[in-house]
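The block underneath contains the structure these notes are about, expressed in structure tokens.
The values are calculated or read from the model by the stated rules, or taken from the named source; none is laboratory data. As the structure is a computational prediction, the values presented were derived from the model and not from experiment. Counting neighbours? That spans all protein chains shown, and the Cβs are built from the backbone with ideal geometry, glycine included. For the accessible areas, the whole protein counts, side chains as well, though only heavy atoms, and no ligand, DNA or RNA atoms are used. Shrake-Rupley method; radii C 1.70, N 1.55, O 1.52, S 1.80 Å.
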Amino acid sequence: MTYFKTLSTARLTLRPPRPGDKDALHALHSDPRVMRYFSEPPWTDPARAAHQIDEDACAFDREEYFRFAIVLDETQQMIGNCTLHALHRQNRRAEIGYALQPAQWGKGYMGEALGALLAYAFRERDLNRLEADIDPRNTESASCLERLGFVSEGYMRERWIVGGEVCDSALYGLLRRDWDAKQN
Ligand SMILES: CC(C)(COP(=O)(O)OP(=O)(O)OC[C@H]1O[C@@H](n2cnc3c(N)ncnc32)[C@H](O)[C@@H]1OP(=O)(O)O)[C@@H](O)C(=O)NCCC(=O)NCCS
């Protein structure tokens, strides 16, 4: 059963979300700073987090999508999450999504977490291509992707309407062979 899947990095553990993450998950996704460039407005319903955790567990088991909670080893706190979703098996591709508590920004944690997620995607799930769709104004997210080797591949106008705000998309892609070439 994949539910117990765990990924480890130098400072972090990535594991499927658990019921005990409920409050941290609500705090993460109700924070307007985190949700500024997300595909949905900040969460307001505290029950949403428990529901999401249940859904994530089912999705992991059914291999529909894979959301990992990011746990800081030093404190054992859940500080964010990252997800492999929109899997397309025939074409061996998926999208990634991610969010981190603002108190932990600028410490290289998301790059570290996504490094493990990419290895999982390419090696364990045998994907050939990963994609990210970000708001072009989200420069921190763009830098994080570029550091990992993602390449800017396109721009789509007015692709999202979030809380009434019309937003463009910057599209990024990473091929397995380019990622492989960066590994030592
Ligand atoms: C986008 C986001 C995930 C970036 O998280 P992050 O952990 O700060 O990103 P990185 O892992 O790339 O961190 C790199 C930064 O940490 C710094 N850093 C400090 N110590 C580091 C280390 N040991 N290793 C690497 N970088 C380190 C780097 O210099 C860099 O700073 P800079 O951007 O000023 O150059 C985070 O800002 C976030 O959650 N934003 C809100 C949610 C969001 O927009 N998600 C994306 C929607 S698609």
Exercise. How large, in percent, is the carbon and sulfur part of the accessible surface of the chain at a probe radius of 1.4 Å?
Worked result: 48 percent
Seminar exercise, completed: In whole angstrom, the spacing between the Cα centers of the range 1-42 and the range 153-184 equals 21 Å
Exercise. When averaged across all projection directions, what area in nm² does the alpha-carbon convex hull of the range 2-130 cover?
Worked result: 7.6 nm²
For this session: Would you please give the FRET efficiency between VAL166 and ALA103, computed as 1/(1 + (r/R0)^6) with r the Cβ-Cβ distance and R0 = 41 Å, to the nearest 0.05?
Result: 0.85
Problem set entry | Solvent-accessible heavy-atom area per residue, rounded to whole Å², over the chain at 1.4 Å | 54 Å²
Exercise. Say a paramagnetic label sat at a point 7 Å from the Cα of ARG89, along Cα to Cβ; which residues of the range 127-162 have their backbone N under 16 Å from it?
Worked result: 127-128
